[in-house]
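Just so you know, all these numbers are worked out from the coordinates, no wet-lab data involved. What you see is a predicted model; the values in this text were computed from it and never measured. Note that each Cβ is placed from the backbone with ideal geometry, even for glycine, and that neighbours are counted across all protein chains shown.
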Amino acid sequence: MDLIVWHDEDEFLGFQICYEKTGQEKALSWKKDSGLVHQKVDDGESRTGHYKATPILIQNGQYNLDKIRKDFEYYSESISEEVKVFVLAKLL
């Protein structure tokens, strides 16, 4: 699980949690202006006869928010309390 957080000097602007990194990777993003969005990562590997393409995010509406939240709580022991509280508040 990877976490990316966007912020300025005054506030958090958004975050992205990438998970299922060893299978079909997915990303759950929250931005201040658009809320939660769930997407799947197209890793660019499945282009038979072509070079690997750049990974991109594509539509994937189905996700288990409760499982993502529980996994985040488990893996977030080493990040700052301020970031952890911010992300968990958006996942609730």
Which of the lysines could a cross-linker span from Lys70 if the Cα-Cα distance has to be under 26 Å and same-chain partners fewer than 8 positions apart are dropped? Lys21, Lys26, Lys31, Lys32, Lys40, Lys84, Lys90
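Quick check: net charge around Lys40, other residues with Cβ under 11 Å of its Cβ, Lys/Arg +1 and Asp/Glu -1?
Numbers: positive: Lys26; negative: Glu20, Glu25, Asp42, Asp43.
Cβ neighbours under 11 Å give a net charge of -3.
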Give the calculated FRET efficiency between Leu88 and Asp43 to the nearest 0.05, with a Förster radius of 22 Å applied to their Cβ-Cβ distance. 0.20
As I understand it, the value is the acute angle between the Cα axis of helix 65-75 and the longest principal axis of the Cα atoms of the chain; what does it come to in degrees, rounded to 10? 70
Using only DSSP helix segments of four residues or longer, with each worth -39500 (n - 2.57), what per-residue ellipticity at 222 nm results for the chain after dividing by its residue count and rounding to 500? -7000 deg cm²/dmol
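Stretch Lys31-Ile4 to full length: gain in nm at 0.36 nm per residue minus the Cα-Cα span?
Working: separation 27, 0.36 × 27 = 9.72 nm, distance 1.16 nm.
Between Lys31 and Ile4, full extension yields 8.6 nm more.
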If you scale each eigenvalue of the Cα gyration tensor by 5 and take the root, what three semi-axes come out for the range 8-92, rounded to whole angstrom and sorted largest first? 27, 15, 13
Taking the 0 to 90 degree range and rounding to the nearest ten, how far is the long axis of helix 81-91 tilted relative to the main principal axis of the chain, both from C-alpha atoms? 60
Inter-label distance, nm, simple model (7 Å from Cα along the C-beta direction), Ile79/Tyr63: 1.3
